[in-house]
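Trainee: Starting off with a structure, shown below.
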Amino acid sequence: MEQSLFASDIRSIFEALSLLKGIKTISLAISVSTRLLVLIFERMMSQSPFMWNGHAPRIILLLTSGVIPVLVFFSKRRRAQNLDDFPTVGCSFGPSRCFSNFYVGASRFLVDAPGVLKEGYEKYGNKPFKVATMLRWTVVLTDPQHMVEIANAAEEDLSFREAMKDIMGVDDALKINVGSPDHDLLAELLKSHIARNATKICAEVQDELLTSLETVLGNESDDWTSIPALSTVSRIMVQTWQRFFVGYPLCRNSEWSSLVAKIHKDVAISSVIRRLVPSWAFPFFARMASNLEANVDHATMLLGPAVEACTSEMDEYAVPNEKKFDFLARLVRRSTGEDSLLRNLTARLLGFTIAVSSTPSNTLTHALYHLAINPEFAQVLRDEVDPIVQRDGWNIQSVAKMSKIDSFLRESARINGVSSLGFFRQATRDLSLSDGTFLPEGCTIAVSLPPFHRDSTTYEAPDEFRPFRFSDNPEHSITTITPQWLFFGYGKHACPGRFLLTYQLKVMFAYMISAYDIRIGDEWTSRPPNFIFGEGIVPNLSAHVSYRRRRDAH
Ligand code: HEM
């Protein structure tokens, strides 16, 4: 048995290498992994010079050439769990039990997930197939009937929570709450808090947004200012969400903001490491490469006074006074036992902010690139925004009328997306879907989103960016959930943050267009290409966008 496995491993390696595409993919994946490792170890050196000083090149060489491949090779989680019934896409040179088959497939998926998923859809239509992601084999579903079934499945059968825990992973491995989105509580707090205080929350979010936008983009009217698009949008978004999560004045405390940024980076590094090393080696590498625990300790110190203020308010208002209860106060009120300890509470709060940090910035930047490369769209949008704002100002009702802005954002999200896979679930027992598709216990499933969002029976010219295709139909708002529009999910777990988020995205986009001329950096003649990392679709990381304050801006 072992011998035949080994032989098929060797055969599959040769088969893979004989294909030019395979070679290109593998070399790309190696170069991506090596660059990431170099980044990680540069950081390790700067954090712990006593340990790494002078040895970094050797350590990097050792890890990239030996230790990591060996660790990864013998990692159990890469083996297929009884998924032989599902055809393999991305690499099918041998049985899926082959380690090499997994790694060739996973390397290709890392750099070309949309291509792999397209290949699967073209080959198998609505039938499930499996792909190797860096974390594990994943069964991919494209059938609308399967999607609806998964979206409404009971947690006891197909677990959303287990799949999330598995993807984020930081919680268990580091014994710290950061990175664990604790979705149930966050979803509940969001639903109750936002629904009851929408007007007040939107006004605060808007105040924070416009203040940081003006600070970052400047007020000069004659000169173009060129700034990196994604990192700038990210900075503004994070600042705005801090106003929502911890409130004023802490959200404007520069020490707090820089800690939040550092913690985001720590978690991002941990998440990359998780994809490169087996789970048992992850805590060691993650601790070495990040300063998560010390940064959370520091954040705990800063959050202390705000939590104390909430506690004394709670004592004052034995019956909750809705007007006095912001998000942090609600979290304090809902946290009991170990969760109410200041450090755990801080970690949990940071976990929430991290869980929702990158997708909003990615969504806005995707749209910004479309606009910056096609500045002629700006005038159409201004013709909508300017009269509304002159008449009604910026508020929930006026922003709701901006249907062209909404349509532009939705079309950009349809064409780009933030992930090519959604609806990750883990089977908690052996079970069968209604058409008999068997899912063994422990297997991970996900839905491929492009077949839904680029379906020619739903969309005319589905691959074309037509920014105003949804603007005449209020049923087609970006927040509307339908079985054809899955950007914010569907069914039980559909995103509860989407209304506030969309308000924020619309205000930010509309304000930028109304107050600034916007154009893409001189080096680009077409829209800067997206960066693909596994199923993640990130707007170009380095492209610049130029802004110039409009003279007649209000
Ligand atoms: C562009 C940004 C965002 C996108 C594309 C997005 C998308 C989604 C999707 C697709 C789901 C459902 C996942 C599934 O069924 O597997 C979801 C769930 C969720 N989202 Fe978002 N989201 C975004 C931003 C946010 C923000 C800003 C918040 C909070 C402030 C948030 C909070 C949540 C929560 C708590 C859940 C879990 C709901 C539950 O457990 O029932 N999301 N999101």
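The values are calculated or read from the model by the stated rules, or taken from the named source; none is laboratory data. Quantities reported herein were computed from a predicted structural model and do not represent experimental measurements. When we count neighbours, we look across all protein chains shown, and the Cβ atoms used for this are built from the backbone with ideal geometry, even at glycine.
Trainee: Within the range 115-157, which residues are without any contact (Cβ under 8 Å) to a residue 60 or more places away in the chain and not charged (D, E, K, R)?
Mentor: Once the filter is applied, which keeps residues that are without any contact (Cβ under 8 Å) to a residue 60 or more places away in the chain and not charged (D, E, K, R), the range 115-157 yields G115, V116, Y124, G125, N126, F129, V131, A132, A154.
Trainee: Residue check, S403 against (1) modelled with pLDDT under 85; (2) among the small types (G, A, S); (3) touching a Ser or Thr at 6+ places or on another chain (Cβ under 9 Å), all met but one. Which one?
Mentor: Going through (1) modelled with pLDDT under 85; (2) among the small types (G, A, S); (3) touching a Ser or Thr at 6+ places or on another chain (Cβ under 9 Å) one by one, S403 breaks only (1).
Trainee: Still on this structure, I have one more. Name the single residue, out of those in the range 517-532 being surrounded by 16 or more Cβ atoms within 10 Å (Cβ to Cβ) and farther than 11 Å from A372 by Cα, that is modelled with the highest pLDDT.
Mentor: N530
Trainee: How many of the residues in the range 483-523 are away from the ligand (no atom under 13 Å from the Cβ) and not in a loop (DSSP other than H, G, I, E, B)?
Mentor: Summing the residues that are away from the ligand (no atom under 13 Å from the Cβ) and not in a loop (DSSP other than H, G, I, E, B) in the range 483-523 gives 12.
Trainee: Another one. Would you pick out the residues in the range 223-244 that are more than 18 Å from S514 (Cβ to Cβ) and in contact with a Lys or Arg (Cβ under 9 Å, 6 or more places away or on another chain)?
Mentor: D223, Q239, Q242, R243
Trainee: Look at S180 and say whether it is within 15 Å of the ligand (Cβ to nearest atom), at pLDDT below 80 and either among the aromatic types (F, W, Y) or farther than 23 Å from A515 by Cα (or both).
Mentor: Spelling it out, S180 is indeed within 15 Å of the ligand (Cβ to nearest atom), at pLDDT below 80 and either among the aromatic types (F, W, Y) or farther than 23 Å from A515 by Cα (or both).
Trainee: Also: Restricting to the range 331-341, and then to whatever is part of a helix (DSSP H, G or I) and over 25 Å from the mean Cα position of the chain (by Cα), can you tell me which residue is farthest from A261 (Cα to Cα)?
Mentor: Filtering first and then ranking leaves G337.
Trainee: Also, I was wondering about something else. With the range 224-309 as the region, which helices (runs of 4 or more DSSP H) entirely inside it contain at least 1 residues that are farther than 26 Å from F533 by Cβ?
Mentor: 229-245, 254-276
Trainee: Then there's this: Could you run through the range 202-239 and say how many residues are crowded, with 20+ Cβ neighbours inside 10 Å and either touching a Phe, Trp or Tyr at 6+ places or on another chain (Cβ under 9 Å) or among the hydrophobic types (A, V, I, L, M, F, W, C) (or both)?
Mentor: Summing the residues that are crowded, with 20+ Cβ neighbours inside 10 Å and either touching a Phe, Trp or Tyr at 6+ places or on another chain (Cβ under 9 Å) or among the hydrophobic types (A, V, I, L, M, F, W, C) (or both) in the range 202-239 gives 13.
Trainee: Would you pick out the residues in the range 272-291 that are polar (S, T, N, Q) and buried (at least 17 other Cβ atoms within 10 Å of the Cβ)?
Mentor: Within the range 272-291, S290, N291 meet the criteria.
Trainee: Take the range 342-365 and flag every residue that is within 13 Å of the chain's Cα centre (by Cα), in a helix (DSSP H, G or I) and among the aliphatic types (A, V, I, L, M).
Mentor: Passing the criteria: I354, A355, L364.
Trainee: Could you say which residue among S258, S234, S226 is free of Cβ contacts under 8 Å to residues at least 12 places away in the same chain and in the same structural domain as Q504 (by TED's automatic domain parsing)?
Mentor: Checking each option against the conditions leaves just S258.
Trainee: So T444 fits all but one of (1) in contact (Cβ under 8 Å) with a residue 60 or more places away in the chain; (2) surrounded by fewer than 21 Cβ atoms within 10 Å (Cβ to Cβ); (3) among the hydroxyl-bearing types (S, T, Y); what number is the exception?
Mentor: (2)
Trainee: What residue, among those in the range 303-325 that are at pLDDT 85 or above and surrounded by 16 or more Cβ atoms within 10 Å (Cβ to Cβ), is nearest to W256 (Cα to Cα)?
Mentor: L303
Trainee: Here is a further query. For the range 366-384, enumerate the residues that are more than 15 Å from W524 (Cα to Cα), over 19 Å from the mean Cα position of the chain (by Cα) and touching a residue at least 24 places away in the same chain (Cβ under 8 Å).
Mentor: Selection gives F377, A378, V380, L381, R382.
Trainee: I'm trying to understand the selection: among the residues of the range 143-162, which are assigned to a helix (DSSP H, G or I) and within 13 Å of the ligand (Cβ to nearest atom)?
Mentor: M147, V148, E149, I150, A151, F160, R161, E162
Trainee: Can you tell me which residues in the range 227-278 are closer than 29 Å to L135 by Cβ and of a type in the set (S, T, Y)?
Mentor: Across the range 227-278, the qualifying residues are S231, S234, S270, S271.
Trainee: Being over 21 Å from M164 (Cβ atoms), in contact with an Asp or Glu (Cβ under 8 Å, 6 or more places away or on another chain) and among the charged types (D, E, K, R): is that true of D430 here?
Mentor: yes
Trainee: Suppose we keep only residues that are in contact with a Leu (Cβ under 8 Å, 6 or more places away or on another chain), of a type in the set (A, V, I, L, M) and away from the ligand (no atom under 16 Å from the Cβ) within the range 382-435. Which one would you say is farthest from A510 (Cα to Cα)?
Mentor: Among those that are in contact with a Leu (Cβ under 8 Å, 6 or more places away or on another chain), of a type in the set (A, V, I, L, M) and away from the ligand (no atom under 16 Å from the Cβ), it is L431.
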